[in-house]
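None of the figures in this text is laboratory data; all of them are computed from the coordinates on show. Everything numeric here is computed off the predicted structure, so don't read it as measured data. Heads up, the Cβs are rebuilt from the backbone with ideal geometry, glycines too, and the neighbour counts pull from every protein chain shown.
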Amino acid sequence: MQPDKVKIVEVGPRDGLQNEKALVPTEIKVALIDQLTDAGFTNIEAASFVSPKWVPQMADGAEVMARIRRRPGTLYSALTPNIKGLDAALAAGADEVVIFGAASEAFSQKNINCSIAESMARFEPVAAAAKERGIRLRASVSCSLGCPYQGDVPVGAVVDLVRRMRELGCDEIDIADTIGVGTPDKVQEVMRAASTEFPLERLSGHFHDTYGHALSNVRASLEVGIRIFHSSVAGLGGCPYAKGATGNVATEALLRMMQSLGVETGIDAGKVAQIGEFISRAVGNRGARSTLSANQAS
Ligand code: HMG
Ligand code: MG
């Protein structure tokens, strides 16, 4: 079941940079997003309106959103854990807001300081307000393939959260492998199960590459009909509240794989390689990643 085309959501400016130890200057974030826009992405996760005490790296979201150059046809998304986040995202002109829950109770507590049930109660008004204003609503389901605190996560818990997110009116739902423990068979099982509650073509694969399985998991997802994938330029990323979580699958590697399969992405791989070089230099100490970009520039 190979598609002609997939959508790639570039999450580097948010998932990628949120985990950097040293604060990344606003102008670097703006330059990164502008270059990604020029490379042809139609969806860029640009900011996160969360507590600056929890994630200081994302504290300048409003300024980033105000300064980026927007291309018509590209959605600039922002994470919104609660109404305060939603209000800030709307004021900043986000085209899509992202509520983020977890299929694991332990991770929900660590990441957003509340139970899964409490998180759904917080998401309800966020979703309602987004729908009322006609803003696209996406949901992320963390720990869909395993949890750094609880270990195994039952597939039923993922399906349950997907159903609840659908009931809130989500337009797209991300099946997130937060700590990269998924393997192709398990990924297919989870994707198939999730698709009993939400249309397969609006589910996405958000794979961190901690153990080097992310590309195999993309391939496995393609086989069951997933058509939307998240990636980070230069493989940046991780979650500050998931110990040991490393970056998302590198956009460079994902593009190369899609090219080898003859699947269209609409993205200029050469420009992405240069962007990988740029951000690797800008955040420092990323020799391996800049090599990855350089190797894939051809
Ligand atoms: P809390 O402490 O329970 O919230 O945090 P609170 O409502 O009691 O508020 C505490 C303080 O935070 C107050 O300020 C609020 O005003 C402020 P104070 O009175 O102490 O000065 N606050 C906010 N400030 C700005 N924007 C907001 C906001 N909300 C409250 N939206 C909260 C709850 C959810 C806010 C907190 O736990 C938090 O910000 N967590 C975010 C964690 C995070 O961003 N994690 C990374 C993103 S998720 C991820 O990476 C996974 C993903 O990639 C998928 C995957 O790979 O799994 C998406
Ligand atoms: Mg992530």
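When cysteine pairs in the chain are screened for C-beta atoms closer than 4.7 angstrom, the residues that find no partner are Cys114, Cys170, Cys239. Each of Glu118 and Arg166 was given a label point 7 Å from its Cα along the Cα-to-Cβ line. The distance between the two points is 2.8 nm. Classification of the range 7-283 by its C-alpha gyration tensor yields a rounded form. The axis ratio a/c (a ≥ b ≥ c) stays under 1.5.
Students often forget the sequence filter, so: which lysines lie under 20 Å Cα-Cα from Lys271 once same-chain residues fewer than 8 apart are removed? Straight-line reach from Lys271, under 20 Å: Lys5, Lys7, Lys29. Label point of Ala91 set 7 angstrom out along Cα-Cβ; within the range 45-85, amide nitrogens under 12 Å from it belong to 61-63, 84-85.
Extension gain, Lys271 to Asp185: 0.36 nm times the residue separation minus the Cα-Cα distance gives 27.6 nm.
As a test of the formula, what do you get for the chain when each DSSP H run with n ≥ 4 contributes -39,500 (n - 2.57) and the sum is divided by the residue count, at 222 nm and rounded to the nearest 500 deg cm²/dmol?
Helices in the chain give a 222 nm mean residue ellipticity of -12500 deg cm²/dmol.
Farthest towards the positive end of the charge dipole of the chain, among the residues Val187, Ile33, Val159, is the Cα of Ile33, using unit charges on the Cβ of Lys, Arg, Asp and Glu. Applying the criteria of a DSSP loop state and at most 16 other Cβ atoms within 10 Å to the trypsin sites (Lys or Arg not before Pro) of the range 93-158 yields Arg133.
Listed highest first by mean packing, meaning other Cβ atoms within 10 Å per residue, what order do 40-48, 262-270, 84-92 come in?
40-48, 84-92, 262-270
When DSSP beta bridges are restricted to pairs lying wholly in the chain, around 5% turn out antiparallel. Once you reduce the range 123-148 and the range 153-176 to the center of their Cα atoms, the two points are 9 Å from each other.
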